[in-house]
Each structure stands twice: as structure tokens, then as C-alpha cells.
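Undergrad: Mind looking over this structure? Questions follow.
The values are calculated or read from the model by the stated rules, or taken from the named source; none is laboratory data. Everything numeric in this text was worked out from a predicted model, so none of it was measured. Here Cβ is always computed from backbone atoms with ideal geometry, including for glycine, and neighbour counts include all displayed protein chains. All accessible areas refer to the heavy atoms of the entire protein, side chains included, with ligands and DNA or RNA removed. Shrake-Rupley method; radii C 1.70, N 1.55, O 1.52, S 1.80 Å.
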Amino acid sequence: MPDLGVASSSIVSGVLLGGMLALAALGLSIVLGVMRLVNLAHGDFLLVGAYAGFFFFTFTGVDPLLGLPVIALFVAALAIPVYRYLLQPLAERGAEAQMMTMFAIAIILENVFVLAFSADTRSIGVSYAALPLTLGPVTVPLVYVIGFAISLVAILAVHWLVARTAFGRDLRASAADAEAAATIGVDVNRVRMLTFALGVACAGIGGTLIGTAFQFSPSSGGAYLLNSLAIVVLGGLGNVLGTLFGGLALGALQSVGGLALGDGYRDLVGMALFLLVLAFRPEGFARGRR
Amino acid sequence: MKREKIAPAPRETAVILVAFAVLWFAPAFIGEYGLQLGFRTLIYLTLAEGWNLMAGSAGLVSLGTSCFVGLGAYVAYGLLNGLDLPLPATLVACALSGAALAALVSPALFRLRGLYFTVGTLALAELLRLIMVNLSAFGGATGIFLKNDPPALPILFRYALAVAVIAALTVTLCVRTRASVILRSVRDDEDAAAQMGVRPFRVKLAAFMLASALAAMAGAVQAVKLGAIEPYGMFGLQWSIDVLTMVIIGGVGARLGPLVGALFVIALGEALADYPEAHIAIAGVILIVLIRFAPRGIVGLAAASGHTVRRRTLA
């Protein structure tokens, strides 16, 4: 058994990572809520953000965390044509056609990453990547704390957007009942497009943060997708703060799983949790869906 | 309401059995390369028949094919290495284990409808793969070897053929008899079906268990051919991607969809064998185009154009 310092540092690291993943999960959750679409390419859009951060840093030398607004806009701009030309024409055909289309985009993106950037594992090498931060017995990398803080701010910003703005009101109306929202003059199609862009941008920002703190490769997308889904079911669909706590809980549990069973079991914890929640407490996931 | 032409089950059974008899003697006439391709096509056909039974007839879109392929592979190695069971008995045991795993996880996967089944099967496949990678009892990440030499390729080809014929006959039995009405009623409107006295859970479970049993057998035959297995390959997402691609390209719900799709995907793979990444990306593009413009796949396209031609000649 590892000593207390290692264990507590590992759990705190897990919680910080969970906070970063929660941002990506939030993007998945709002798309699921508004469009009834499980975006199977979400993990690959996260990698788009990670690669965007990597090349932004390589070519400009500017800290990618300062470039986050640019990266978010870039990823959102990619999402708009995907919605407009690939998803919107399928809107009348039920959720399956859209989900399969996103699955096809996921496998295209993964293989385009390999072709364009090689299968190498990378990380965004900012100068402070290796700096530790020590507080009592707990030592965690400084980038984890910075990434976590940025993620938290972004999650609160999305929360404000959904809860307090006119767009958020339209978004919530479209999620609750698209037909009724259209009747009272909400442009549901536009709301869906912007929601999709927002959701994908959340994945992109999360990707840059995760790419700064961890390593990533073209095939990492699937694991990020499934961990994000686990967070969404843990926190309950459509619940912004629930998603945040779901992320923190998943991160902590992954660290506990890694400490108790070995590092290889970290991702396994997410899948197992996902299936267990699905089996025993599915209502958080299925709210309003019939 | 579109009338669906239902070929009588006996005629379709006869066609399948004739094909079986003819292909049984194929190893004498086609070379090594032909046998390799034929073997792969038969394995894919088996998986696609099962997937199509779930998606086309019961509305269950699965991304978990790999978990049953991998299960079959590992169960087969356990029985062949540990108990020295003969291969036919091993295949039966693999089929049973596939059906058993499907039954075991069905409460979690069927609790929620539609999309969540898809996501649940994806998570299940990933979970099993990670377990196999981490558990050293099953060889861990390095995998395990088959103790005895695998049978020669012509014999393996016949095993694959037998499994594919079992798959084809199973599906014929399900979709060309009264059972098809029950299956489709669940796919089209679960609530209405339940009102009529159909039990949707049992119907979906039956389709899921049959498809899983077939996938486990296919995985077992594939594994025996390889002579050594490891979790990344046998539990790889590529199985699930390939199967889904085949059936969507061939035509979901069409009786010939799996065969047409399997031949198409194998041909595409051969044409682009030197560019594996481009091959998968192109398959993705084809998927998107077909989902958008030809939701009934190549078989649907062919049927539609045949229809137009007939109408023109009549006019």
C-alpha cells in the first residue's frame, strides 16, 4: 500500500483531472439534452482541441492557455458546418441516423489524426508543465491546478449562459419541448446549431487543458468519450453543477481504483461506473425522454 | 404502407444449403489467397447477419460486437488449451457463453431504450478489453498461445462456412417466419407491441442473445486460425466498426444486406490494403453519404433502380 502522501496526492490529482473532464462532459450533456444526440465523436473533438493547442503553442510560442478563446472559436467553427451539412438534414430521421453519422466522423477524425500528425503520443510542453505545487502532504503538478481552475471558470460561464441569458432560455425551452418552443417563436434549428457548437467547443477547451496536463494520441478519443459519458450519467443529464460533481467523483474514484488495483485499472473504473449507474439509477440519464 | 415481399422460408433455406454444399468443395478449386479472403468474408458475414438481426429486426444498434468476438476467442482458447475439447464442442460452448453474457448484461443495457443500448454496448466492450489487458490470469496485454497447431486453412475455411451457414439459417428462421412480425412490432413501436401482448424485453433479449452467440462463434474460429490472441486485437473496436459499416453499406434490415456489405468492405479493404488509415477514413465517408442519401444501403438502391427499370419497360 502506498503511503499517505502518495495516496492523497494521487486522489487530489484525480479530482483535478475530473474537474477538467467535467467541462468536456458538460458539452456532451447539453448536446444530448437539446438535440437528443449522443455525440460519439465528442472524444475526437476533444483531441481536435488538444492538437489545436499543441500546434498553436508550437507555431506561435504563446501559452495555449492564453490562446484558449481562439482555440474554442476554431473548434466551434468546425462544428457549425458539421451540424449544418451533416446533422440538420437528418433531423427528421430519428436519433439513430445522426448518432451513426457522428460515429463515422469519429472514425474519420481518428484516422485523419494518424495520417496528418502520426500515431505518436504527444503532450503540450509548456515551460511550467513539470513544476510541482506542494500543500502539506499533497504534491500535485501546477498545470493540474491551473487547468482545473480554468475548467471551473468555463463551467460556471456555461452555467451562466444556460441559466441567465436569452439564448439559455431558448436552449432550455428547446430541450424541454422542441415543438412547443417552436410554436412560441424560438428558432429551434438555430438553437440546436449553436448548442452543438457550444458543446463541441467545451470538448475543445477541455482537450487543450488535458493536452497540457497529460499525454494524448489519435486513439485517446474513445476513452475520453466514455469517461465523459460516465460523468454525465453520474451527475444527471441537464444538470450543470451535477456534471461538475460527477467529474470530481469520477476523478477521485479513478485514482482510488488506480491505487488499489494498479494504474491500468483507472479507465476501467469509468466504464464500470457507467454500466452500474445505467443498471441501477438510469433516471438521471433519461430525464424527459420517451 | 409498403408491401414487403416475403420469400417462403423453405426456398431461402434451400438456397442457403445449396450455397453451403457448393462452397464446401471450394478449397479444392481456389488458391491460398482465395481461401484467406473467403475465410474473412465468412467470418464478417456471420457477424453482420447477427448485427442485422438486432438492428434491422429489433431496432438494437450495437457497438459491442468486439466484446463477443473477444469472449468467444478467449473461451475457445481456455477450452482448447485447458480441457483439450474438440473444436466443434468448443464452438457450441462459445455460442452458449456469448448468449450467457448477453443475458447477463441485458438488464443494464435494455433499461433505457434506443441510443443508450448503443452507448452501453460500447462501454461494455471497452470494459471487457481493459479487464483482459490488466488481468494476468488471461495472459494480460501479451495474450495467450494456442497449445496445439491450428488446423490447416481448408479445414478452417469449412468451419467458418459452417458457422456462417448456421448464422444465415438462424436469421432466416427469425425473419421469414411468424417471429418476424413480433420482431418488427417491437422495432417499430415498443409500446404498441406491448399493448398487443408482445413482451418487448424478451424479444430484444432473444435477438441480442442470438447475435452474441453467433459473434462468439465467429470470434472463436478467427482466434483458432490466428494461433495466438491478445486483447487489443480480439477486443478491438475495429470489429464493431467493420460490422456496423458492412450492414449500413449493404442495407440495414435487408436480407441480403450483410452479404453485399461484407463483400463490399472486403473488396474495399483489398483495394486499399496498403493504406489502412485512409481505408478506414474512406469507409467513414461512405457511411456518412449512405446514411444521408441511401438509408437502405446498396440493396435498397438496387431494389429502387430495379423498380424504376421495371416501371419504364411496362410503360
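Undergrad: What are the pairs with Cβ atoms under 7 angstrom where one residue, in the range B:121-149, is at positive phi and within 14 Å of chain A (Cβ to nearest Cβ) and the other, located anywhere, is open to solvent by less than 90 Å² (accessible area, probe 1.4 Å) and of a type in the set (Gly, Ala, Ser)? Sequence gap at least six, or different chains.
TA: Nothing qualifies.
Undergrad: Residues of the range B:266-309 being more than 22 Å from residue A:87 (Cβ to Cβ), among the charged types (D, E, K, R) and within 14 Å of chain A (Cβ to nearest Cβ), which ones? I'd like the intermediate steps shown before the answer.
TA: Within the range B:266-309, the subset more than 22 Å from residue A:87 (Cβ to Cβ) is B:266-279, B:298-299, B:301-309.
Pick out the ones that are also among the charged types (D, E, K, R) and you get B:270, B:274, B:277.
Across the range B:266-309, the qualifying residues are B:274, B:277.
Undergrad: If you take the residues in the range A:33-80 that are under 22 Å from residue A:171 (Cα atoms) and assigned to a loop (DSSP other than H, G, I, E, B), which one is nearest to the other protein chains (Cβ to nearest Cβ)?
TA: If we take residues in the range A:33-80 being under 22 Å from residue A:171 (Cα atoms) and assigned to a loop (DSSP other than H, G, I, E, B), then A:38 is nearest to the other protein chains (Cβ to nearest Cβ).
Undergrad: Hey, could you check the range A:263-279 for residues that are more than 7 Å from chain B (Cβ to nearest Cβ) and either surrounded by fewer than 22 Cβ atoms within 10 Å (Cβ to Cβ) or touching a Ser or Thr at 6+ places or on another chain (Cβ under 8 Å) (or both) and say which is nearest to residue A:231 (Cα to Cα)? Steps first, answer last, please.
TA: If we filter the range A:263-279 for residues that are more than 7 Å from chain B (Cβ to nearest Cβ), which is where we start, we get A:263, A:266, A:269-270, A:273, A:276-277.
Then keep just the ones that are either surrounded by fewer than 22 Cβ atoms within 10 Å (Cβ to Cβ) or touching a Ser or Thr at 6+ places or on another chain (Cβ under 8 Å) (or both); that gives A:263, A:266, A:276-277.
On the way: A:263: 20, A:266: 14, A:276: 12, A:277: 10 Å.
Selected residue: A:277.
Undergrad: Let me ask something else. In this structure, is residue A:234 within 17 Å of the chain's Cα centre (by Cα) and open to solvent by less than 40 Å² (accessible area, probe 1.4 Å)? It would help to see each step written out before you state the result.
TA: Details: within 17 Å of the chain's Cα centre (by Cα): yes; open to solvent by less than 40 Å² (accessible area, probe 1.4 Å): no.
No, not satisfied.
Undergrad: For the subset of the range A:81-100 comprising residues that are open to solvent by 60 Å² or more (accessible area, probe 1.4 Å) and closer than 14 Å to residue A:37 by Cα, which member is farthest from the other protein chains (Cβ to nearest Cβ)?
TA: Restricting to residues being open to solvent by 60 Å² or more (accessible area, probe 1.4 Å) and closer than 14 Å to residue A:37 by Cα, the top hit is A:92.
Undergrad: Quickly run through the range B:83-110 and pick out the residues that are within 24 Å of residue B:202 (Cβ to Cβ), open to solvent by less than 10 Å² (accessible area, probe 1.4 Å) and at pLDDT 85 or above.
TA: Answer for the range B:83-110, where residues must be within 24 Å of residue B:202 (Cβ to Cβ), open to solvent by less than 10 Å² (accessible area, probe 1.4 Å) and at pLDDT 85 or above: B:94, B:98, B:102, B:106.
Undergrad: I've got another one for you. In the range A:120-143, what residues are open to solvent by 70 Å² or more (accessible area, probe 1.4 Å) and in a loop (DSSP other than H, G, I, E, B)? If you could, list the steps in order and put the result at the bottom.
TA: To start, the set of residues in the range A:120-143 that are open to solvent by 70 Å² or more (accessible area, probe 1.4 Å) comprises A:120-121, A:127, A:130-135, A:137.
Hits for the range A:120-143 are A:120, A:121, A:127, A:130, A:131, A:137.
Undergrad: Residues in the range B:248-265: is at least one within 9 Å of another protein chain (Cβ to nearest Cβ), under 25 Å from residue A:90 (Cα atoms) and in a helix (DSSP H, G or I)?
TA: Residues of the range B:248-265 within 9 Å of another protein chain (Cβ to nearest Cβ): B:248.
Among the residues that remain, those that are also under 25 Å from residue A:90 (Cα atoms) are: B:248.
Restricting the remaining residues to those that are in a helix (DSSP H, G or I) gives B:248.
Yes - at least one qualifying residue is present in the range B:248-265.
Undergrad: Just one of the numbered conditions (1) within 10 Å of chain B (Cβ to nearest Cβ); (2) modelled with pLDDT of 90 or more; (3) buried (at least 20 other Cβ atoms within 10 Å of the Cβ) is not true of residue A:148; which one?
TA: (1)
Undergrad: Another question about this same structure. Check the range A:28-39 and report whether any residue there is farther than 13 Å from residue A:202 by Cβ and polar (S, T, N, Q).
TA: No, that holds for no residue.
Undergrad: Here is a further query. Please indicate, with yes or no, whether at least one residue in the range A:183-203 is over 25 Å from residue A:245 (Cβ atoms) and within 14 Å of another protein chain (Cβ to nearest Cβ).
TA: No, that holds for no residue.
Undergrad: Is at least one residue of the range B:202-209 farther than 16 Å from residue B:49 by Cβ, of a type in the set (D, E, K, R) and surrounded by 23 or more Cβ atoms within 10 Å (Cβ to Cβ)? Steps first, please.
TA: Applying the first criterion (farther than 16 Å from residue B:49 by Cβ) to the range B:202-209 yields B:202-205.
Still in the list and also of a type in the set (D, E, K, R): B:202, B:204.
Cutting the leftovers down to surrounded by 23 or more Cβ atoms within 10 Å (Cβ to Cβ) gives us B:204.
Yes, the conditions are met somewhere in the range B:202-209.
Undergrad: Return a yes/no flag: does the range B:176-193 have any residue that is basic (Lys, Arg), surrounded by fewer than 20 Cβ atoms within 10 Å (Cβ to Cβ) and assigned to a helix (DSSP H, G or I).
TA: Here is the first cut: in the range B:176-193, the ones basic (Lys, Arg) are B:176, B:178, B:184, B:187.
Among the residues that remain, those that are also surrounded by fewer than 20 Cβ atoms within 10 Å (Cβ to Cβ) are: B:176, B:178, B:184.
Restricting the remaining residues to those that are assigned to a helix (DSSP H, G or I) gives B:184.
Yes - at least one qualifying residue is present in the range B:176-193.
Undergrad: Determine whether residue A:194 is of a type outside the set (Phe, Trp, Tyr), in contact (Cβ under 8 Å) with a residue 40 or more places away in the chain and closer than 20 Å to residue A:172 by Cβ. I'd like the intermediate steps shown before the answer.
TA: Details: of a type outside the set (Phe, Trp, Tyr): yes; in contact (Cβ under 8 Å) with a residue 40 or more places away in the chain: no; closer than 20 Å to residue A:172 by Cβ: yes.
Here the answer is no, as residue A:194 does not meet what is asked.
Undergrad: Let me ask another. Read through the list (1) at pLDDT 85 or above; (2) open to solvent by less than 30 Å² (accessible area, probe 1.4 Å); (3) closer than 19 Å to residue A:30 by Cβ, then give the number of the only condition that residue A:224 fails.
TA: (2)
Undergrad: In addition: Give the residue that is nearest to residue A:11 (Cα to Cα), with candidates limited to residues of the range A:102-118 that are more than 9 Å from chain B (Cβ to nearest Cβ) and open to solvent by 50 Å² or more (accessible area, probe 1.4 Å).
TA: Among those residues, the one meeting the criterion is A:117.
Undergrad: Give me the pairs: first residue in the range A:238-264 and of a type in the set (Val, Ile, Thr), second residue open to solvent by less than 10 Å² (accessible area, probe 1.4 Å), beta-carbon distance under 6 Å, and six or more apart or on different chains, which are they?
TA: So the pair list comes out as A:243/A:22; A:243/A:25; A:243/A:26; A:243/A:29.
Undergrad: Turning to a different aspect of this structure: So, residue A:225, is that one within 14 Å of chain B (Cβ to nearest Cβ), under 17 Å from residue A:33 (Cα atoms) and not in a helix (DSSP H, G or I) or not? Lay out the reasoning, then the answer.
TA: Values: within 14 Å of chain B (Cβ to nearest Cβ): yes; under 17 Å from residue A:33 (Cα atoms): yes; not in a helix (DSSP H, G or I): no.
Spelling it out, it is not the case that residue A:225 is within 14 Å of chain B (Cβ to nearest Cβ), under 17 Å from residue A:33 (Cα atoms) and not in a helix (DSSP H, G or I).
Undergrad: Turning to a different aspect of this structure: Within the range B:216-247, which residues are open to solvent by less than 10 Å² (accessible area, probe 1.4 Å) and more than 14 Å from chain A (Cβ to nearest Cβ)?
TA: B:216, B:218, B:219, B:220, B:221, B:223, B:224, B:229, B:234
So that you can scan it fast, the table gives a plain yes or no per residue for (1) over 22 Å from residue B:208 (Cβ atoms); (2) surrounded by fewer than 19 Cβ atoms within 10 Å (Cβ to Cβ); (3) out of contact with any helix residue (DSSP H, G or I) (no Cβ under 8 Å at 6 or more places or on another chain); (4) not hydroxyl-bearing (Ser, Thr, Tyr):
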site: B:11; (1), (2), (3), (4): yes, yes, yes, yes
site: B:24; (1), (2), (3), (4): yes, yes, no, yes
site: B:31; (1), (2), (3), (4): yes, yes, yes, yes
site: B:45; (1), (2), (3), (4): no, no, no, yes
site: B:48; (1), (2), (3), (4): no, no, no, yes
site: B:61; (1), (2), (3), (4): no, no, no, yes
site: B:66; (1), (2), (3), (4): no, no, no, no
site: B:75; (1), (2), (3), (4): no, no, no, yes
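Undergrad: List every residue pair whose Cβ atoms lie under 6 Å apart, where the two residues are 6 or more positions apart in sequence or sit on different chains, the first residue falls within the range B:71-92 and is touching a residue at least 40 places away in the same chain (Cβ under 8 Å), and the second residue, located anywhere, is basic (Lys, Arg).
TA: Between residues of the range B:71-92 that are touching a residue at least 40 places away in the same chain (Cβ under 8 Å) and residues that are basic (Lys, Arg), the close pairs are B:81/B:147.
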